[in-house]
Amino acid sequence: MIGVVNDIEGSIEDATHFCDVRDLLAAWKAAEADAGGVPERSTFLAGPAARIVDRLMVLSVFDDTLIYQKVGSTIISLFGHDPTGRRLSDIDNPGVRPFVRRYIEAVQGDQPRFSIQDHIGLNSIGTNERLLLPVRTGETRELVVYVRSREDAKDLMRSVFNASTDSISVMEALRDQTGRICDFKLIAVNAEGAARMKSEPDAIIGTFLTNNFPASRSNGILQRMIAAIESQQRDVFETRYPHQGSIVERQLRIAPHGERLTVTNIDLGPQRMAARAIVRQRNELLTANRLLALQAENLRAINETIEASSRELRAEIERNRALEAELIYRARFDGLTDLPNRSYFEIRFHEIIEESRRTGRRVALCILDVDHFKDINDRFGHSTGDIVLREVSARLTRTIRSTDIAGRLGGDEFAVLLIDAGDAYDAQSAVARILTEVMGPLTVLRQDVPVSVSAGIAVFPGDAQGEMELMTAADLAVYRAKRTGRARAVFFDPAMRAEADRRTRLMQSLAGGIAAGEIKPHYQPLLDLRTEQLVGFEALARWHHPTESILSPAHFSEAFDEPDLARAVSATMIDQVTADLARWRGTAIPSHVSLNVTAFDLRSECFAAELRQKMAQRGLSTKQLGIEVTETTVVSRDGEKMVATLTALRQLGFSVALDDFGTGFASLTHLITLPCDTLKIDRTFVTDLDSSSKTAAVVRSMVTLAGALGLDIVAEGVETRAELEAIRALDCHLVQGYLISKPLPAEAVPAFVASFAPRAAQRRVAGA
């Protein structure tokens, strides 16, 4: 069943369609007034409610749930089953599920509640009203529920559903043994949908999508429907597929509702035929206009009326020409930046490459990608993001030569064709000028907006033999620019292809690596300089690859952009860390471990509760586990939802650390609102401490700020004695890094802890 329940907050008397609902509500209010509070059920049901008792349900509080005490015959007929004597929590179906919370809240309150439910189920469409009235029997709280079906609304909805000239169907996802969606079952269809299949609705209910439309697997329809269920996002797309011996053109509008979809199938054939007829008529009209214009010139002297007509015809022709020019422009140029769009750029790209084949001139393709553009949108708003894109395009246009071509490929991606690029030095100089101009200061609405771009350059014919191969080469160079720090230009190197192939194979094997238990935590100790004692560890993910040795997350960081892989890595790490903590119980090993989680984990409303349950299953306290998250993560998309999850984690006893502090987009105001116990100074600050007084001043301010806010602060990446002493001088007492120990596999931790003592630590540090 697909349904929507609307709770009425205002006047119930105005919202209902029925007098008996108003009468029943008035009777309850009278009984309440007589009783001076929630009325007795026996007294209330003995009054006006007695004549409609067959339409009532009575639920009683029993332990922590409700029990169906009494169910009227009309309700049993409406529901199709008799729930008398059953617990509310034992009934889990789409008809009851929306009301569980409402029943519990109503029986705990002392005021009536009223809801209206619109629903579409298997061969059923309708609207119900539900009046919830709290009563009591002695000290036992109870709830009287009155269900009233709006037959007129049901008839109207059924009429609209079946009168539609579009095919409308409701399908339910079918999952295989692994939980993946493999097909969809038809559970409701209107008359038009059945007619298109040359059948009756009842005859095709329960059939499967892939049986009715075998092409749905190959043309992407099944995949789009699966994606809609998994994302719970609506989708609209056009498709073509064979149907009853011919190819049909359709627009599909998909609306997900949990495990079900409403699919509206619109026949585009008549629309396309009408559009072609309009174009044909327009061409005929233009031809007629030209002929009439010539005739008008010859007949000008004959009649003033004909002369006026000829002027109007010429004006219409000019308007048509202007419209045609505008349509051509819109088809070729991007509406936001006025640069050539992707399709027109590719046309010019092909022409330039063909000309280069004839002339032998070198052509350089430079692809530019705006760095952190999503963060700009999230931080400053999409209107500011549009201004940034327009400014980047304007700077590109005024920087390149008149013979060069710039275009917008889509989103925050631009491309420049440097024609007659000369040697590598010429191309490098041209790209350097572009980057200098594009990355200049930009102020939008009195706010400084940081703009940087990563550029990848490939040269024809040296790096590729055709435009598609050249585009791929430039894309690989852009990827290298982003991976090596962004805000830079990188020229294509043939070795990048091998690296891309290796990276692709690596990512493809990651899922298998997770299943095979190849992802393992390595533990880096956390040292308190005041006591020279170990106080905990940070668990760092390591991939024990069968052929690539041990890989850090830097080698598979792309996985954290994929929700399923990211969550799988997190789940594996949490499972193994909690198992290690349980194994070390009662030993000298410090009992606190922190680990990083992903944005996908923090967006899950149940993550905190599930993590607490995992700790409880291992017999562990929540205080033994710390959660680390980067500041960039919590100020990005869905930041409020992630902050709510972090708040829930802290309330359950988990500690929260803000990792890589000082390197992201967060402002100091976030330290006030973010639920945080610890700041972790990024190693880039630690590395420069002994050589930069400015860096030392920044770190000193971080330590002072953390102390003022009552937060712990940890220096990461301490690798030399000089760095350690500089940190100690700034009153930062918690450190981790290779100077103390490299990350250790779980089996090496006990031996390390056993050999560690204050004097041993001092000798280790002093000898570094």
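For the chain, the relative contact order is 6 percent, taking Cα pairs closer than 8 Å that sit 6 or more residues apart in sequence and dividing their mean separation by the residue count. Let me make sure I get this right: for the range 2-156, a, b and c are the square roots of the gyration tensor eigenvalues over alpha carbons, sorted descending. Under 1.5 in a/c it's rounded, otherwise prolate if a/b > b/c, else oblate. Which is it? Verdict is oblate for the range 2-156.
With the Cα gyration tensor of the range 220-379 giving a ≥ b ≥ c as the square roots of its eigenvalues, does the rule (a/c under 1.5 for rounded; else a/b larger than b/c for prolate; else oblate) give rounded, prolate or oblate? Oblate shape, in that a/c is at least 1.5 and b/c is the bigger or equal ratio. Pairs exceeding a 22 Å alpha-carbon distance, out of Lys482/Lys641; Lys482/Lys680; Lys374/Lys680; Lys520/Lys742; Lys374/Lys482: Lys482/Lys641; Lys482/Lys680; Lys374/Lys680.
Past the 36 angstrom mark, what percentage of all C-alpha to C-alpha distances in the chain do you count? Pairs farther apart than 36 Å: 66 percent. Based on the alpha-carbon gyration tensor of the range 342-493 and its eigenvalue square roots a ≥ b ≥ c, which shape applies: rounded if a/c is under 1.5, prolate if not and a/b is larger than b/c, or oblate? Prolate. Using the average count of surrounding beta-carbon atoms within 10 Å as a protection proxy, the listed peptides 677-689, 394-406 rank, highest first, as 677-689, 394-406. Our estimate of slack between Arg175 and Arg728, defined as 0.36 nm per intervening residue step minus the Cα-Cα distance, is 193.3 nm. Can you work out the PRE-style zone for Thr74? Point 7 Å along Cα to Cβ, and I want the residues of the range 89-120 with backbone N under 17 Å. Of the residues in the range 89-120, 115-117 have backbone N under 17 Å from the label point off Thr74.
Packing, taken as the mean count of other beta carbons within 10 Å per residue, orders the peptides 182-188, 349-355 from highest to lowest as 182-188, 349-355.
Working from label points 7 Å from Cα in the Cα-to-Cβ sense, the Thr673 to Ser383 distance is 1.9 nm. Ranked for footprinting exposure by Cβ neighbours inside 10 Å, fewest first, Tyr738, Tyr425 give Tyr425, Tyr738.
FRET efficiency for the Arg330 to Arg272 pair, using the beta carbon distance and R₀ = 22 Å, is estimated at 0.65. In the chain, taking the dipole from charged Cβ atoms about the Cα centre, the farthest positive-side position among Ala582, Trp543, Leu671 is held by Trp543.
For the range 691-700, putting each phi into the Karplus relation 6.51 cos²θ - 1.76 cosθ + 1.60 with θ = phi - 60° gives couplings of 10, 9, 5, 5, 4, 4, 5, 5, 5, 4 Hz, in residue order, rounded to whole numbers and with x for Gly and Pro.
Since only Pro750, Gly95, Phe600 are under comparison, the one whose Cα sits farthest along the positive direction of the charge dipole of the chain, derived from C-beta charges on Lys, Arg, Asp and Glu, is Pro750. Take the Cβ-Cβ distance between Ala748 and Arg488 as r, set R0 to 35 Å, and report the resulting FRET efficiency rounded to the nearest 0.05. Approximately 0.35, to the nearest 0.05. For the range 271-332, a crude dipole built from +1 on the beta carbon of Lys and Arg and -1 on the beta carbon of Asp and Glu, taken about the Cα centre, is about 480 debye to the nearest 20.
In plain terms, the C-alpha convex hull of the range 271-332 casts an average shadow of 4.9 nm² when viewed from every direction. About its Cα centre, the dipole of the chain is roughly 740 debye, where the only charges are +1 on Lys and Arg Cβ and -1 on Asp and Glu Cβ.
Among His350, Leu418, Ala394, flag the residue with its Cα farthest along the positive direction of the charge dipole of the range 342-493, charges on Cβ as +1 for Lys/Arg and -1 for Asp/Glu. Towards the positive end, the residue furthest out is Ala394. Taking Cα centre as origin and charging only the Cβ of basic (Lys, Arg, +1) and acidic (Asp, Glu, -1) residues, the dipole magnitude of the range 37-140 rounds to 200 debye.
Computed from the Cβ-Cβ distance with R0 of 60 Å, the FRET efficiency linking Glu548 to Thr137 stands at 0.30. From most to least packed by mean Cβ count within 10 Å, the peptides 70-77, 458-465 give 458-465, 70-77.
The Cα trace of the range 506-766 gives Rg and Dmax of 18.0, 50 Å, the first to one decimal, the second as a whole number. Note on Lys70: lysines with a C-alpha under 26 Å away, same-chain residues under 8 apart excluded, are Lys29.
Considering only Cα atoms, the convex hull volume of the range 164-267 works out to 94 Å³ per residue.
Computed from the coordinates by the stated procedures, all read-outs in this text should not be read as laboratory data. It should be emphasised that the depicted structure is a prediction, and the values quoted were computed from it without experimental measurement. When we count neighbours, we look across all protein chains shown, and the Cβ atoms used for this are built from the backbone with ideal geometry, even at glycine.
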